[in-house]
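Nothing in this text is a laboratory measurement; each read-out follows from the coordinates by a stated rule. As the structure is a prediction and not an experimental result, all values here were calculated from the model. Reconstructed Cβ throughout: ideal geometry from the backbone, glycine too, with neighbour counts over all protein chains shown.
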Amino acid sequence: MMSPSSRSRTATASGLRALASCGGCAAKVDPALVSALAATAQRANLPQPAVLCGLDPADDAAVYRLDAERALISTLDFFPPLVEDPADYGAIAAANALSDVYAMGGEVAFALVIAGFPASLPGQLVETVTAAAADVVVGCGGSVVGGHSIRCQEPVFGLAVTGFVHPARIWRKRGARPGDLLMISKALGTGLLLSEGTPEGVAAATAAMRITNQAAAAALQALPEPPSAVTDVTGYGLVGHALEIAQHSAVRLRLEAARLPWLDGARAAAEAGVRTSAHARLLAASAEHVSIAEHVPAALAALCHDPQTSGGLLVAVSAQSRVALEAQGFATVGRVERGAAAVVVS
């Protein structure tokens, strides 16, 4: 990984970040629009028994049964650049796209590149982005086998990923049970650190975003009892993705603010008033079903709504799984309770 000083020199040479109005998963559209688009697509679908996960309800990826032992996972993800270094951009985009396969309990098979770059950018820069992404896919046991690219004013890059999972071992957002613990595999704060923009903060966020969820998924696979619900934390922030589990599972999720793990420097940024461009939008989108206790500091409330890129896995597991997962780097952040679908931060 490059040092902060060398990353700054690369930033001057690439100019990638300056070409994007909003970078990473913070570029996601509002959840309400996503729901509307999914509902529109759903009306055009014919029932297919082989579709195990589709739009009703939507999950982190689509899953299609091939036979009694195999199901195909299909997902795609792309976004504008959120860092200056082209290799970091490609690696982060790949880790983020692969995450949905791991959130479904699957293994990566292959990926297709999705790319759009201004014609003014040098070809070597685009090659660096793509090569870094391919290295991440190979490191996760897959291959990049093709793709599609176009010219566009604002750069975008990502992957369409295919994986495989046993039809009886799919992890979904639904299934969280009262009494389960809520655990997360990565610390939070990438949005805050990138918005603050200090070399140290960007370096800390970049290091976290480059880590795939392969090891976290392997830790879950090794449990004697599988997780009851899984999703990855990305552009809607911790509470936004927790709310998806709550609504899919018809339960209330309680997050303990004091237990939330911070990336180095993120808390100081939040306490200094740093907020992402998506903060107000995410706050409004979840207001109806998310409540944050008055005693929770403003910085912690901001962390709850901080959009993550290539974030960790948020899981609901039995209490017996806590020790094993904490030994693998997971943090316990709350619990599942009976009640109307909602998220409570206390």
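Counting DSSP beta bridges with both partners in segment 202-346, what percentage is antiparallel, nearest 5?
55
Using the 10 angstrom Cβ neighbour count as an exposure proxy, how do D264, D180 rank, fewest first?
Ascending Cβ contact count within 10 Å gives the list D264, D180.
In a Gaussian network model over the chain where Cα atoms closer than 10 Å are linked, find which of D77, D56, D135 has the largest mean-square fluctuation.
D56
Just in segment 294-346: which trypsin sites (Lys or Arg not before Pro) are loop by DSSP and have at most 13 other Cβ atoms within 10 Å?
Sparse-neighbourhood loop trypsin sites (Lys or Arg not before Pro): R338.
Can you run phi through the Karplus equation (6.51, -1.76, 1.60; θ = phi - 60°) for segment 333-340 and list ³J(HN,Hα) in whole Hz, with x for Gly and Pro?
My calculation for segment 333-340 gives 10, x, 8, 9, 10, 6, x, 4 Hz in order.
Relative contact order of segment 181-345: what whole-number percent is it, with Cα pairs under 8 angstrom and at least 6 residues apart?
In percent, rounded to a whole number, it is 48.
Looking at the chain only, what percent of DSSP beta bridges run antiparallel? Nearest 5 please.
Approximately 70 percent, going by the DSSP bridge assignments.
Could you please rank L303, L52, placing first whichever residue has the fewest other Cβ atoms within 10 Å of its Cβ?
L52, L303
Quick check on packing: order 183-196, 288-301 by the mean number of other C-beta atoms within 10 Å, highest mean leading.
183-196, 288-301
Rounded, prolate or oblate: pick one for segment 142-265, where a ≥ b ≥ c are the square roots of the eigenvalues of its C-alpha gyration tensor, a/c under 1.5 means rounded, and failing that, prolate if a/b is larger than b/c, else oblate.
Since a/c reaches 1.5 but b/c is at least a/b, the shape of segment 142-265 is classed as oblate.
Which of these, Q124, Q328, Q214, has the largest mean-square fluctuation under a Gaussian network model of the chain (Cα springs below 10 Å)?
So, out of Q124, Q328, Q214, the one fluctuating most is Q124.
Compute the Cα gyration tensor for the chain, then decide on rounded, prolate or oblate, letting a ≥ b ≥ c be the square roots of its eigenvalues: rounded whenever a/c is under 1.5, prolate when a/b is larger than b/c in the other cases, and oblate in all that remain.
It is oblate, given that a/c is not under 1.5 and a/b is not larger than b/c.
Putting +1 on Lys and Arg Cβ atoms and -1 on Asp and Glu Cβ atoms, find which of N96, G339, I245 reaches farthest to the positive end of the dipole of the chain.
Among N96, G339, I245, the one farthest towards the positive end of the dipole of the chain is G339.
Using Cβ contacts closer than 10 Å as the measure, can you line up I114, I92, I245, I150 from fewest to most?
So the residues, fewest neighbours to most, are I150, I114, I245, I92.
Taking segment 181-345 as the region of interest, what is the percent of Cα-Cα pairs per 5 angstrom bin, listed from the shortest bin to the one with the maximum distance?
2, 10, 19, 22, 21, 15, 8, 3, 0
Distance between the C-alpha centers of segment 226-290 and segment 182-213? Whole Å please.
14
For the chain, set up a GNM with springs between Cα atoms under 10 Å and report which of A134, A119, A269 has the largest fluctuation.
So, out of A134, A119, A269, the one fluctuating most is A119.
Output wanted: per-residue J couplings in Hz (rounded whole) for segment 304-310, from phi through Karplus 6.51 cos²θ - 1.76 cosθ + 1.60, θ = phi - 60°, x for Gly and Pro.
The phi angles translate into 4, 9, 6, x, 9, 10, 6 Hz.
Express in whole angstrom the spacing between the alpha-carbon centres of segment 127-179 and segment 48-89.
7
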